[in-house]
Amino acid sequence: SLFDEQVAQIEQVRNQAYIDAITGLGNGRFFNAQLQSRLESLEEPFVGALVKLEIADMGAYNQRYGHDAGNWLLKQAGKLWRQQMDSVENAVFARVAGARFGALLPHVECEQVGRLVADFMAELKALEPFAQSQVSLDVFAGIALCAVGRDLQSEPPKTLETEADNALQKAL
């Protein structure tokens, strides 16, 4: 029983370190570690997409409706994000920080990523609190693709992340 207690404590510490308490998804620390690991892997060079997504004006939503309502909306967004990203084998997805979500999607084509993100946005915007809000919430995404043959050895892995960040900033 002592061993079981220690295992439970270790699991609790791991969850606190890598799991977002509101959505149950991985957190920013988890996502960044996975991103770095996969992009710097020499054994299996990454091919696929990096998606960064943000729900704009969540701060204003929280002020108007309260943090409980904002957390509920983030929790629903997390469920929808998980549903969309679970369709991609070996996907890594998380609530990175605040109202920002991320996904690293191996071996996907541009059209598939576009459909996943568009479907997520449509489902999120259809949620009653999102649609009925008097705060102008909106969802923006930035996507960077790493195609077969792209040499991440000569380009730093941060380039893919920078491309996704820049795309998100342009969308905002």
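The values are calculated or read from the model by the stated rules, or taken from the named source; none is laboratory data. These figures come from a predicted structure and were not determined experimentally. Backbone-built Cβ (ideal geometry, glycine too); neighbour counts: all protein chains shown. Just the protein is used for accessible areas: all its heavy atoms, side chains included, with ligands, DNA and RNA removed. Shrake-Rupley method; radii C 1.70, N 1.55, O 1.52, S 1.80 Å.
Values for this structure:
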| quantity | calculated |
| --- | --- |
| Rg over Rh [alpha-carbon atoms, Kirkwood Rh] for the stretch 27-172 | 0.99 |
| The stretch 26-101: GluC sites (Glu not before Pro) in DSSP loop, at most 12 other beta carbons within 10 Å | GLU43, GLU89 |
| Cleavage-rule hits (chymotrypsin sites (Phe, Trp or Tyr not before Pro)) in the stretch 88-127: DSSP loop, at most 16 neighbouring Cβ within 10 angstrom | none |
| Protein accessible area in the stretch 38-95, 1.4 Å probe - carbon and sulfur % | 43 percent |
| Solvent-accessible area per residue for the chain (1.4 angstrom probe, square angstrom) | 56 Å² |
| Projected label distance in nm at ALA171 and ASP57, using a 7 Å step from Cα toward the beta-carbon | 1.7 nm |
| Environment charge of ARG82, counting only residues whose C-beta is closer than 15 Å and scoring Lys/Arg +1, Asp/Glu -1 | -2 |
| Lys pairs, the chain - Cα-Cα below 19 angstrom, 8 or more residues apart or on other chains | 8 |
| Under Karplus coefficients 6.51, -1.76 and 1.60, residue-wise ³J(HN,Hα) of the stretch 58-69 in Hz, glycine/proline x | 5, x, 5, 4, 4, 5, 6, 10, x, 5, 5, 5 |
| Whether the stretch 26-102 is rounded, prolate or oblate, judged on the alpha carbon gyration tensor where a/c under 1.5 counts as rounded | prolate |
| Over the chain: helical MRE at 222 nm, DSSP H runs n ≥ 4 each giving -39500 (n - 2.57), nearest 500 | -17000 deg cm²/dmol |
| Residue-span extension gain [ALA33 to ASP119] - 0.36 nm each, minus C-alpha spacing | 28.3 nm |
| J(HN,Hα) series, the stretch 106-111, from Karplus relation 6.51 cos²θ - 1.76 cosθ + 1.60, nearest Hz, glycine and proline x | x, 6, 10, 9, 4, 5 |
